[in-house]
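The values are calculated or read from the model by the stated rules, or taken from the named source; none is laboratory data. Please read all numbers here as calculations on a predicted model, not as lab measurements. Virtual Cβ from ideal backbone geometry, glycine too; neighbours counted across all protein chains shown. For accessibility, only protein heavy atoms count, side chains too; no ligands or nucleic acids. Shrake-Rupley method; radii C 1.70, N 1.55, O 1.52, S 1.80 Å.
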Amino acid sequence: MSSKLESLQRWVDEVAALTRPAKIHWCDGSDAEYRQLVEQMLQTGDLIELNQETHPGCYLHRSSPSDVARVEHLTFVCTEDEQDAGPNNHWMSPTEAHTKMDALFDGCMEGRTMYVIPYCMGPIDSPLARCGVEITDSPYVVANMRTMTRMGAAAQARIEREGTFVKGLHSTGELDPERRFIMHFPEELTIKSYGSGYGGNALLGKKCHALRIASFQAKSEGWLAEHMLIVGIENPKGETHYVAAAFPSACGKTNLAMLIPPEGYRQDGWKVWTVGDDICWMRPGADGRLYAINPEAGYFGVAPGTSDATNPNALTTIARDTIFTNVAVTADNQPWWEGLPGEPVTDWQGRPYDPANGPAAHPNSRFTVSAKQCPTWSPRAEDSQGVPISAIVFGGRRPSLVPLVFQARDWAHGVLVGAAMGSETTAAATGAVGVLRRDSMAMKPFAGYHYGDYFRHWLSFDKPGAKLPKIFHVNWFRKGEDGRFLWPGYGDNLRVLEWMIDRVEGRAKGRQTPIGIVPSEGELKLDGLALDRRTIETLLDVDHNGWSDELAAIGDYLQSFGERLPDELQAEQQRIAEALKTAEAA
Ligand code: SAT
Ligand code: MN
């Protein structure tokens, strides 16, 4: 095959001349093509068949043990002006980066097949959707991209109609961490990734395109590309509010997006609808509200911890037609990870399971599955205009200080709340786990430009006629003195979402505090929960002293963005710091 779009054909020819593959395959996205790829990977050992009776259409992929997560220190944003990448990104000059990458790509596909993957991020007919083409030498990447995006002939047709697309070039290379780079050229709508086959580094439609490149595009085009799940909450009257929520990787976005209401809520008729679990593109509609689409078509979810107790919807979703990466296997060849019943016999590296080697499944082991397989999948996920967002939620892992929920007073305060977000690090990226770091809007690894400009862009949505979502902050991860979580989380998080919707609808009054509005006594419905009074008080307490220190730390953090930090954000920080001082004195 080939393309009638000259710019696409020329780029494919150029890449082929550089990488010198034995064969070129243009992906059409058909079932036959997928089956053939799977056959081939079963033969090469890239995929291992799992128990087809319990898990029809499910396969296991074992990655190289040194290639199991995103590599933030090897991920670069290559803008002409270093300032534009900001202190939140690693930067390299475009000339240097291209030279470095093209040397790695030189001849790297010799003897192999080069796959050309046209894909669309978002419903294929949506004006909010954007297209790209990924060139890769990895059949595993092709199979995953088919699930995670609208991939194939329809996407190619849209690209040929529109004439523009994001160019992504990927090779697994030698999987040598010393020869691994993920480079973004936002000004050229180009991505070059070499030396890793792992999701976020290799499925270029996901973090590279839909967040880093898209956030850069969104800034000039007046929209937002965010690291957020999208969930619809339907009340017993049949009214649905859509909520977009930002949490860092591996902090429960998939679980919140697929939440199962607590027993009493279910009996009353509450329902939850999953629109997306990781990425959200939003833009103002004609009525002034923000409308959101999920640019993805599948879930690339964290396996460990996924169980009947935590996320039964996810378990149902992944019972068939799923690719598992780096999970363990049971004696009867079923996929296994920590949190599931049963026992592993083989660990994620294919060794006989030995607890002395650590967890059986890699902590960042993943499943790739079509979104439509989720029992709570929302048909509105295919709505080309997107869904209207009533509330935006920010949250992270904060073992102390930060209350279960609070609401920002207005949009500018909400932007500060998002900017000030902090969370303990997780296994989704290489490096230390459990260290508190600021992760503004959960976009620290993904904002494709200077955070100062990014905050300014967020603030710019507050203009006459705008009917913006209310902004909240949550913390499901508060711990008691004994180190145990104080809040049950999972399905019970609906109790907190209900309070938010009550705030949006003007039904809940809340209690004003210097840091924002918290539920007043009795507003959170806690019936059926075995929480004592002290725990509830701790969960909703605002410790003025502790928050004063936090505000000082936030102030220091904001200063790190220098001149590009919007004054308005600094003013918000000072306003709250002052209010805390006054409250402390009182
Ligand atoms: O590796 S991904 O970036 O795709 C998943 C994540 O870390 O959020
Ligand atoms: Mn993510």
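For the range 105-142, enumerate the residues that are within 13 Å of ILE24 (Cβ to Cβ), assigned to a strand (DSSP E or B) and open to solvent by less than 10 Å² (accessible area, probe 1.4 Å). Across the range 105-142, the qualifying residues are MET114, VAL116, ILE117, VAL133, ILE135, THR136. Taken as a whole, the condition of being assigned to a helix (DSSP H, G or I) and either within 13 Å of ligand 2 (Cβ to nearest atom) or touching a strand residue (DSSP E or B) at 6+ places or on another chain (Cβ under 9 Å) (or both) applies to THR254. Looking at the range 445-456, is at least one residue basic (Lys, Arg) and within 16 Å of ligand 1 (Cβ to nearest atom)? Checked against the condition, which is being basic (Lys, Arg) and within 16 Å of ligand 1 (Cβ to nearest atom), the range 445-456 yields no hits at all. Restricting ARG62, ARG20 to residues that are on the phi > 0 side of the Ramachandran plot, more than 16 Å from ligand 2 (Cβ to nearest atom), open to solvent by 70 Å² or more (accessible area, probe 1.4 Å) and not aromatic (Phe, Trp, Tyr) narrows the list to ARG20.
Here's the yes/no breakdown for (1) assigned by TED's automatic domain parsing to the domain that holds LEU290; (2) within 14 Å of ligand 2 (Cβ to nearest atom); (3) not in a loop (DSSP other than H, G, I, E, B):
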site: ASN201; (1), (2), (3): no, yes, yes
site: LEU211; (1), (2), (3): no, yes, yes
site: SER215; (1), (2), (3): no, yes, yes
site: ILE233; (1), (2), (3): yes, no, yes
site: GLY238; (1), (2), (3): yes, no, no
site: VAL243; (1), (2), (3): yes, no, yes
site: ILE260; (1), (2), (3): yes, no, no
site: GLY264; (1), (2), (3): yes, no, yes
site: VAL272; (1), (2), (3): yes, no, yes
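Within the set THR75, THR44, THR79, the sole residue that is of a type in the set (S, T, N, Q), away from ligand 1 (no atom under 16 Å from the Cβ) and surrounded by 13 or more Cβ atoms within 10 Å (Cβ to Cβ) turns out to be THR79. Only one of the listed residues (ARG380, ARG398, ARG366, ARG351) is of a type in the set (D, E, K, R) and closer than 30 Å to ASP541 by Cα. That residue is ARG398.
Scanning the range 274-297 for residues that are more than 16 Å from ligand 2 (Cβ to nearest atom), open to solvent by less than 20 Å² (accessible area, probe 1.4 Å) and part of a loop (DSSP other than H, G, I, E, B) yields a single hit, GLY288. Screening LYS444, LYS467, LYS463 for residues that are assigned by TED's automatic domain parsing to the domain that holds VAL417, at pLDDT 95 or above and within 18 Å of the chain's Cα centre (by Cα) leaves exactly one candidate, LYS444. Of all residue pairs spaced 6 or more apart or on separate chains, those with beta-carbon atoms under 9 Å, a first member in the range 376-396 that is under 26 Å from PRO248 (Cβ atoms) and assigned to a strand (DSSP E or B) and a second member that is at pLDDT 95 or above and of a type in the set (Asp, Glu) are PRO388/ASP287; SER390/GLU505; ILE392/GLU226. Of the residues GLU174, GLU178, GLU160, the single one that is surrounded by 15 or more Cβ atoms within 10 Å (Cβ to Cβ) and farther than 15 Å from LEU204 by Cα is GLU160.
Total residues in the range 397-435 satisfying the condition of being charged (D, E, K, R), without any contact (Cβ under 8 Å) to a residue 60 or more places away in the chain and touching a strand residue (DSSP E or B) at 6+ places or on another chain (Cβ under 8 Å): the figure is 1.
Yes/no matrix, rows are residues, columns are (1) at negative phi; (2) within 16 Å of ligand 1 (Cβ to nearest atom):
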| position | (1), (2) |
| --- | --- |
| GLY122 | no, no |
| GLU160 | yes, no |
| HIS170 | yes, yes |
| GLU174 | yes, no |
| PRO186 | yes, no |
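Condition check for PHE367 on (1) away from ligand 2 (no atom under 16 Å from the Cβ); (2) under 25 Å from VAL142 (Cβ atoms): one failure, at (1). Considering only residues that are more than 19 Å from THR254 (Cα to Cα) and of a type in the set (Val, Ile, Thr), look in the range 479-519 and name the one that is nearest to the chain's Cα centre (by Cα). Going through the qualifying residues, I end up with ILE501. Looking only at the range 193-245, residues that are among the β-branched types (Val, Ile, Thr) and within 16 Å of ligand 1 (Cβ to nearest atom) come to 2 in all. Name the residues in the range 197-230 that are in contact with a Gly (Cβ under 7 Å, 6 or more places away or on another chain) and not hydrophobic (A, V, I, L, M, F, W, C), would you? If the condition is that a residue be in contact with a Gly (Cβ under 7 Å, 6 or more places away or on another chain) and not hydrophobic (A, V, I, L, M, F, W, C), then GLY205, LYS206, LYS207, HIS209, ARG212, SER215 are the ones that fit. Evaluated against (1) within 16 Å of ligand 2 (Cβ to nearest atom); (2) outside any loop (DSSP other than H, G, I, E, B), PHE324 falls short on exactly one condition, (1).
Here's the yes/no breakdown for (1) within 23 Å of the chain's Cα centre (by Cα); (2) modelled with pLDDT of 95 or more:
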{"residue": "TRP336", "(1), (2)": "no, yes"}
{"residue": "LEU340", "(1), (2)": "no, yes"}
{"residue": "GLN373", "(1), (2)": "yes, yes"}
{"residue": "SER384", "(1), (2)": "yes, yes"}
{"residue": "GLY396", "(1), (2)": "yes, no"}
{"residue": "LEU401", "(1), (2)": "no, yes"}
{"residue": "ARG409", "(1), (2)": "no, yes"}
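Kindly indicate whether any position in the range 305-317 is within 16 Å of ligand 2 (Cβ to nearest atom), assigned by TED's automatic domain parsing to the domain that holds TRP348 and surrounded by fewer than 23 Cβ atoms within 10 Å (Cβ to Cβ). Yes: the range 305-317 contains one or more residues that are within 16 Å of ligand 2 (Cβ to nearest atom), assigned by TED's automatic domain parsing to the domain that holds TRP348 and surrounded by fewer than 23 Cβ atoms within 10 Å (Cβ to Cβ).
Here TRP11 clears all of (1) touching a helix residue (DSSP H, G or I) at 6+ places or on another chain (Cβ under 8 Å); (2) outside any loop (DSSP other than H, G, I, E, B) except the condition numbered (1). Out of everything in the range 251-276 that is closer than 24 Å to LYS207 by Cβ and among the polar types (S, T, N, Q), what residue ends up being nearest to ligand 1 (Cβ to nearest atom)? Among them, the one singled out is THR254.
Please tell me if PRO248 is within 16 Å of ligand 1 (Cβ to nearest atom), modelled with pLDDT under 95, closer than 30 Å to ALA69 by Cβ and surrounded by 22 or more Cβ atoms within 10 Å (Cβ to Cβ). In short, yes.
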